[in-house]
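Q: Can you read through this structure? Questions will come right after.
The values are calculated or read from the model by the stated rules, or taken from the named source; none is laboratory data. No experiment lies behind these values; they were computed from the predicted model shown. Every residue, glycine among them, receives a Cβ derived from its backbone with ideal geometry; neighbour counts consider all protein chains shown.
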Amino acid sequence: MSFQIVSESIIKGNESLTVEHVKELIDSGTEPLSIINDGLMAGMNVVGERFKNGEMFVPEVLMAARAMNSGIELVKPLINDDDMPNVGTVVIGTVKGDLHDIGKNLVAMMMESAGFKVVNVGVDVTTDKFVEAVRENNAQIVAMSAMLTTTMVYMKNVIEALEEAGLREQVKIMIGGAPVTPKFAEEIGAELYTVDASSAAEEGKKILK
């Protein structure tokens with residue numbers, strides 16, 4: 001049983017096959033972290049690349065992410081929390097007044113598969129909720145999504161609330177969503193604008209290095 005087989009089942013989005021292969025690797029005494037890094041995450045990295053290049057689409061990515069998460073759940077109990085891959089902690093949510101969550105969830109999944117600890121605070125998220133999540137989880141990135149021109153202005157409120165709470169220095173702000181532009185990111189003082197889910201994970205890694 002090779003890691004390649006696990007990766008391929010992730011790329012195909014085959015959850016039951018992924019679970020079966022991961023169980024086989026666990027039973028054969030394979031190093032748990034290797035199962036995650038060389039099998040599950042390696043497969044998800046291919047999915048991220050294909051999605052970025054337009055060779056895979058949202059439903060396929062969601063299936064792959066679901067398969068990967070099921071695999072990780074099997075391996076997690078065998079690993080100390082401290083040893084779990086963790087590039088950094090991201091608090092992600094769709095801002096107040098906005099109930100769109102597919103894009104935001106896709107970004108969360110891609111970041112999780114890239115080794116980030118992701119705290120998904122949901123949709124219609126207030127400034128207080130963002131601030132509280134950053135403080136509780138000692139986050140390094142705040143990722144905000146807005147799909148409406150009327151709600152994207154709320155992103156500035158969140159940044160101001162983080163400043164007032166004395167947390168702005170510790171976090172990088174990442175924003176995205178249909179009406180959001182690099183110019184708007186610059187105007188409100190966000191460090192990152194990302195155009196899609198796979199680039200969000202890549203840019204997040206770069207900015208924390």
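Q: Any chance region 94-116 includes a residue that's assigned to a strand (DSSP E or B) and either among the β-branched types (Val, Ile, Thr) or under 15 Å from the mean Cα position of the chain (by Cα) (or both)? Working first, answer last.
A: Step one: of region 94-116, the residues assigned to a strand (DSSP E or B) are 94-95.
Next, from what is left, pick out any that are either among the β-branched types (Val, Ile, Thr) or under 15 Å from the mean Cα position of the chain (by Cα) (or both): 94-95.
Yes: region 94-116 contains one or more residues that are assigned to a strand (DSSP E or B) and either among the β-branched types (Val, Ile, Thr) or under 15 Å from the mean Cα position of the chain (by Cα) (or both).
Q: Select, from 173, 159, the only residue that is buried (at least 18 other Cβ atoms within 10 Å of the Cβ), assigned to a strand (DSSP E or B), in contact (Cβ under 8 Å) with a residue 12 or more places away in the chain and not assigned by TED's automatic domain parsing to the domain that holds residue 47.
A: 173
Q: Any idea which residue in region 1-14 is surrounded by the fewest Cβ atoms within 10 Å (Cβ to Cβ), counting only those that are part of a helix (DSSP H, G or I) and free of Cβ contacts under 8 Å to residues at least 40 places away in the same chain?
A: 4
Q: Separate question: Which one of 124, 98, 38 is modelled with pLDDT under 95 and either in contact with a Ser or Thr (Cβ under 8 Å, 6 or more places away or on another chain) or not assigned by TED's automatic domain parsing to the domain that holds residue 203 (or both)?
A: Residue meeting the stated conditions: 38.
Q: Is it the case that residue 131 is modelled with pLDDT of 95 or more, of a type outside the set (Phe, Trp, Tyr), assigned by TED's automatic domain parsing to the domain that holds residue 98 and in contact with a Phe, Trp or Tyr (Cβ under 6 Å, 6 or more places away or on another chain)?
A: no
Q: Can you pull out the residues in region 180-209 that are in a loop (DSSP other than H, G, I, E, B), modelled with pLDDT under 95 and surrounded by fewer than 19 Cβ atoms within 10 Å (Cβ to Cβ)?
A: We begin by selecting, within region 180-209, every residue in a loop (DSSP other than H, G, I, E, B); these are 180-181, 189-191, 194-196, 209.
Now narrow it down to the ones that are modelled with pLDDT under 95: 194-196, 209.
The answer is 195, 196, 209.
Q: Do we find a residue being charged (D, E, K, R) and under 28 Å from residue 72 (Cβ atoms) anywhere in region 156-171?
A: Scanning region 156-171 turns up no residue that is charged (D, E, K, R) and under 28 Å from residue 72 (Cβ atoms).
Q: Separate question: For residue 39, are the conditions met, namely being in contact (Cβ under 8 Å) with a residue 60 or more places away in the chain, more than 25 Å from residue 195 (Cβ to Cβ) and crowded, with 16+ Cβ neighbours inside 10 Å?
A: Here the answer is no, as residue 39 does not meet what is asked.
Q: For region 67-87, enumerate the residues that are in contact with a helix residue (DSSP H, G or I) (Cβ under 8 Å, 6 or more places away or on another chain), under 15 Å from residue 118 (Cβ atoms) and either in a helix (DSSP H, G or I) or among the acidic types (Asp, Glu) (or both).
A: Residues satisfying the conditions are 68, 69, 72.
Q: Please verify whether residue 124 is more than 22 Å from residue 182 (Cβ to Cβ) and either touching a strand residue (DSSP E or B) at 6+ places or on another chain (Cβ under 8 Å) or not hydrophobic (A, V, I, L, M, F, W, C) (or both), treating the condition exactly as stated. Before you say what the answer is, go through the steps one by one.
A: Working: more than 22 Å from residue 182 (Cβ to Cβ): yes; either touching a strand residue (DSSP E or B) at 6+ places or on another chain (Cβ under 8 Å) or not hydrophobic (A, V, I, L, M, F, W, C) (or both): yes.
Considered against the rule, which asks whether it is more than 22 Å from residue 182 (Cβ to Cβ) and either touching a strand residue (DSSP E or B) at 6+ places or on another chain (Cβ under 8 Å) or not hydrophobic (A, V, I, L, M, F, W, C) (or both), residue 124 comes out as yes.
Q: Identify all residues within region 84-104 that are surrounded by 21 or more Cβ atoms within 10 Å (Cβ to Cβ) and under 14 Å from residue 177 (Cα atoms); write none if there are none.
A: Those that are surrounded by 21 or more Cβ atoms within 10 Å (Cβ to Cβ) and under 14 Å from residue 177 (Cα atoms): 92, 93, 94, 95, 98, 104.
Residues are listed down the side, and each one gets a yes or a no for (1) assigned by TED's automatic domain parsing to the domain that holds residue 107; (2) outside any helix (DSSP H, G or I); (3) closer than 21 Å to residue 201 by Cα; (4) in contact (Cβ under 8 Å) with a residue 24 or more places away in the chain:
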{"residue": "16", "(1), (2), (3), (4)": "no, no, no, no"}
{"residue": "23", "(1), (2), (3), (4)": "no, no, no, yes"}
{"residue": "26", "(1), (2), (3), (4)": "no, no, no, yes"}
{"residue": "44", "(1), (2), (3), (4)": "no, no, yes, yes"}
{"residue": "56", "(1), (2), (3), (4)": "no, yes, yes, no"}
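Q: Still on this structure: Mind checking which residues of region 83-130 are of a type in the set (Ser, Thr, Tyr) and under 23 Å from residue 70 (Cα atoms)?
A: 89, 113
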